[in-house]
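The values are calculated or read from the model by the stated rules, or taken from the named source; none is laboratory data. A quick note: this is a predicted structure, and the numbers were derived from the prediction, not measured. Only protein heavy atoms, including side chains, enter the accessible area calculation; ligands, DNA and RNA are left aside. Shrake-Rupley method; radii C 1.70, N 1.55, O 1.52, S 1.80 Å.
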Amino acid sequence: MSDYSNESVIAIENTLNEVDRALERLRVGTYRTCQVCDAPIDDAELVKNPLLANCRAHPELS
Ligand SMILES: [Zn+2]
């Protein structure tokens, strides 16, 4: 792994980790549910960002 690619590798790993968590939420049935307050997440929001894990009230937490 060369130095110049470290940042992009980290970004890719972060994305893959988010995908893992999204798949896990799909598996346990909480995919459409906010991780913070259990509110349902709009399908329209999930279409825009399939990795979305929180409702609009909790956009910063994941
Ligand atoms: Zn929430």
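Structure values in brief
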quantity: In degrees, nearest ten, helix 6-28 long axis to first principal axis of the chain (Cα); calculated: 30
quantity: Helix-only CD estimate at 222 nm, as mean residue ellipticity for the chain, using -39500 (n - 2.57) per DSSP H run (n ≥ 4); calculated: -15000 deg cm²/dmol
quantity: Linear extension gain, ILE10 paired with ALA39, 0.36 nm per residue minus alpha-carbon span; calculated: 7.4 nm
quantity: Order of exposure, largest accessible area first, which applies to GLU13, GLU7, GLU45 with probe 1.4 Å; calculated: GLU7, GLU13, GLU45
quantity: Computed log₁₀ I(q)/I(0) - Debye formula, equal Cα scatterers, no solvent, segment 6-61, q 0.20, 0.27, 0.28, 0.29 Å⁻¹; calculated: -0.72, -1.09, -1.13, -1.17
quantity: Chain lengthening between LEU26 and ALA57 when straightened (0.36 nm per residue, less Cα-Cα); calculated: 9.1 nm
